[in-house]
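The structure appears right after this line, and notes come after that.
The values are calculated or read from the model by the stated rules, or taken from the named source; none is laboratory data. A quick note: this is a predicted structure, and the numbers were derived from the prediction, not measured. As a convention, Cβ positions derive from the backbone with ideal geometry for all residues, glycine included, and neighbour counts pool all protein chains shown.
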Amino acid sequence: MSKQRIKIALVGAGGWGLQHARVLNDRRDVDFCAVVGRNPERTLARAELFGTNAYTDINEMIEKEQPDLISVCLPNQSHYEATLQIIQAGIPLFVEKPLVFDIKEADTLLNEAAKRNLFFAINFNHRYAKPVQLARDAIMAGRLGELTLATWRFGGEGGSDHSHANLIETQCHGIDMLEYLCGPIEAVMAEMTDKTGGGLRTISLALRFASGAVGSLIGTYDSSYAYPDTHRVELDGTAGRVVIHDTVKRYAYHPKGSELGEVWEAGYFNDTDREFHRTFDKHFDALLAAFKAGEQPPVHAEAGHRALKVADAAIRSWKTGTRVIVQ
């Protein structure tokens with residue numbers, strides 16, 4: 001596998017699917033063999049753009065192309081059926097977040113993949129932003145000491161007919177990143193509002209980590225991605241503090257009690273680290289290296305299941321007005 005091109009198909013011809021197609025097309029070690037979509041005209045146009053084959057049926061594509069791996073990028077609430085179909089066909093796969101919206105469906109996907117010992121990855125690409133990697137390095141090196149407080153804020157526009165769309169399909173990145181940096185979330189208390197209509201578009205979660213640290217997660221679809229600092233992560237510890245601005249824009253570290261700190265921002269020619277879309281490229285580099293080596297993916301689909309568990313606990317907390325332990 002490591003000495004030949006890997007045959008990869010893409011299921012999904014939508015907006016973010018364009019990034020999947022770009023990443024697959026740009027790699028010399030990938031044979032981008034097919035695009036599968038629901039709309040024949042749009043699917044054909046996407047396939048022609050990248051010089052690959054177009055299909056509207058997943059099983060037909062699998063039978064004719066025999067891909068080594070399938071990348072899945074469908075509308076957020078349409079993940080379950082196609083993902084299960086690919087798993088049941090026994091094909092390794094890489095899926096977009098959220099895994100699904102329902103815990104039982106998530107259980108089924110993971111169980112079916114485990115039965116077949118499948119490579120099953122999910123695209124929590126925020127982990128691969130340069131500031132996030134620097135924050136992780138600082139934590140692992142002990143530069144923050146014992147973590148005491150972690151906050152995540154992320155707000156923009158969005159629309160969905162699911163009441164908890166913001167929490168499940170967007171703030172799953174926040175849940176995943178906070179656990180990636182700080183360890184498991186142990187308990188959740190939640191406030192949510194449907195003040196602007198269209199579901200519970202703005203949420204505020206109080207968090208307790210298994211380590212004893214506490215934190216918060218604030219998310220909204222009632223804001224704008226155009227605003228500066230639309231995304232901010234702060235990590236406080238007994239020995240220092242880290243702040244991440246706009247995921248890829250800026251990292252800052254200060255030792256405890258010091259006005260003098262360290263800052264990272266992409267340099268003039270460093271387009272790779274300043275561009276959000278390139279976090280996907282970095283994740284795919286790591287994913288394909290693991291796939292070639294016969295190893296587990298760097299971000300297993302279990303991380304999507306875990307984010308959904310925390311979201312489910314938040315929903316139960318909001319409904320009951322109580323603190324809920326994450327099972």
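So which residues in region 144-168 are touching a Ser or Thr at 6+ places or on another chain (Cβ under 7 Å), closer than 15 Å to P98 by Cα and at pLDDT 95 or above?
Hit for region 144-168 is N166, nothing else.
Tally time: how many residues in region 7-16 are surrounded by fewer than 23 Cβ atoms within 10 Å (Cβ to Cβ) and among the small types (G, A, S)?
Total satisfying the criteria: 2.
Identify the residue in region 257-275 that is touching a strand residue (DSSP E or B) at 6+ places or on another chain (Cβ under 6 Å) and of a type outside the set (D, E, K, R) and, among all such residues, is surrounded by the fewest Cβ atoms within 10 Å (Cβ to Cβ).
V263
Select, from I244, I218, I185, the only residue that is under 16 Å from V324 (Cβ atoms) and touching a residue at least 60 places away in the same chain (Cβ under 8 Å).
Working: I244 fails: under 16 Å from V324 (Cβ atoms); I218 fails: under 16 Å from V324 (Cβ atoms).
It is I185.
Mind counting the residues in region 225-235 that are under 20 Å from the mean Cα position of the chain (by Cα), surrounded by fewer than 19 Cβ atoms within 10 Å (Cβ to Cβ) and under 12 Å from G156 (Cα atoms)?
So the answer is 3.
Checking N111 against (1) touching a helix residue (DSSP H, G or I) at 6+ places or on another chain (Cβ under 9 Å); (2) outside the structural domain of T272 (by TED's automatic domain parsing), only one condition comes out false. Which one?
Here N111 clears every test but (1).
Can you find, within region 166-195, the residue that is surrounded by the most Cβ atoms within 10 Å (Cβ to Cβ) among those that are over 22 Å from P75 (Cα atoms) and among the acidic types (D, E)?
E179
Which members of region 52-89 meet the condition of being outside any helix (DSSP H, G or I) and farther than 18 Å from G15 by Cα?
Going through region 52-89, the residues outside any helix (DSSP H, G or I) turn out to be 52-57, 66-75, 79, 89.
Answer for region 52-89, where residues must be outside any helix (DSSP H, G or I) and farther than 18 Å from G15 by Cα: N53, D57, Q66, P67, D68, L69, A89.
Can you tell me which residue among D273, D285 is assigned to a helix (DSSP H, G or I), free of Cβ contacts under 8 Å to residues at least 24 places away in the same chain and on the phi < 0 side of the Ramachandran plot? So that I can check it myself, show each step before the final result.
Details: D273 fails: free of Cβ contacts under 8 Å to residues at least 24 places away in the same chain.
Step by step, each of D273, D285 is checked, and only D285 is assigned to a helix (DSSP H, G or I), free of Cβ contacts under 8 Å to residues at least 24 places away in the same chain and on the phi < 0 side of the Ramachandran plot.
Return the only residue of V132, V188 being touching a strand residue (DSSP E or B) at 6+ places or on another chain (Cβ under 7 Å) and assigned to a helix (DSSP H, G or I).
None of the others qualify; the one that does is V132.
Mind checking which residues of region 18-57 are within 15 Å of A82 (Cα to Cα) and surrounded by 20 or more Cβ atoms within 10 Å (Cβ to Cβ)?
Result: V35, V36, G37, Y55.
Tell me, please, whether a residue that is buried (at least 17 other Cβ atoms within 10 Å of the Cβ), touching a helix residue (DSSP H, G or I) at 6+ places or on another chain (Cβ under 7 Å) and among the hydroxyl-bearing types (S, T, Y) can be found in region 128-149.
Within region 128-149, one or more residues are buried (at least 17 other Cβ atoms within 10 Å of the Cβ), touching a helix residue (DSSP H, G or I) at 6+ places or on another chain (Cβ under 7 Å) and among the hydroxyl-bearing types (S, T, Y).
Quick one: count up the residues across region 98-125 that are in contact (Cβ under 8 Å) with a residue 60 or more places away in the chain and assigned to a helix (DSSP H, G or I).
Final tally of qualifying residues: 7.
On the basis of being surrounded by fewer than 18 Cβ atoms within 10 Å (Cβ to Cβ), in contact with a Leu (Cβ under 9 Å, 6 or more places away or on another chain), under 28 Å from S211 (Cα atoms) and not hydrophobic (A, V, I, L, M, F, W, C), does R153 make the cut?
Details: surrounded by fewer than 18 Cβ atoms within 10 Å (Cβ to Cβ): no; in contact with a Leu (Cβ under 9 Å, 6 or more places away or on another chain): yes; under 28 Å from S211 (Cα atoms): yes; not hydrophobic (A, V, I, L, M, F, W, C): yes.
Spelling it out, it is not the case that R153 is surrounded by fewer than 18 Cβ atoms within 10 Å (Cβ to Cβ), in contact with a Leu (Cβ under 9 Å, 6 or more places away or on another chain), under 28 Å from S211 (Cα atoms) and not hydrophobic (A, V, I, L, M, F, W, C).
Restricting region 276-316 to residues that are farther than 30 Å from Q4 by Cα and out of contact with any helix residue (DSSP H, G or I) (no Cβ under 8 Å at 6 or more places or on another chain), which is surrounded by the most Cβ atoms within 10 Å (Cβ to Cβ)?
Taking the candidates together, the pick is A313.
I'd like to know if region 85-92 contains one or more residues that are free of Cβ contacts under 8 Å to residues at least 60 places away in the same chain, surrounded by fewer than 17 Cβ atoms within 10 Å (Cβ to Cβ) and within 19 Å of Q19 (Cα to Cα).
no
Would you say T238 is modelled with pLDDT of 95 or more, in the same structural domain as V132 (by TED's automatic domain parsing), surrounded by 17 or more Cβ atoms within 10 Å (Cβ to Cβ) and not aliphatic (A, V, I, L, M)?
So T238 does not fit the description; no.
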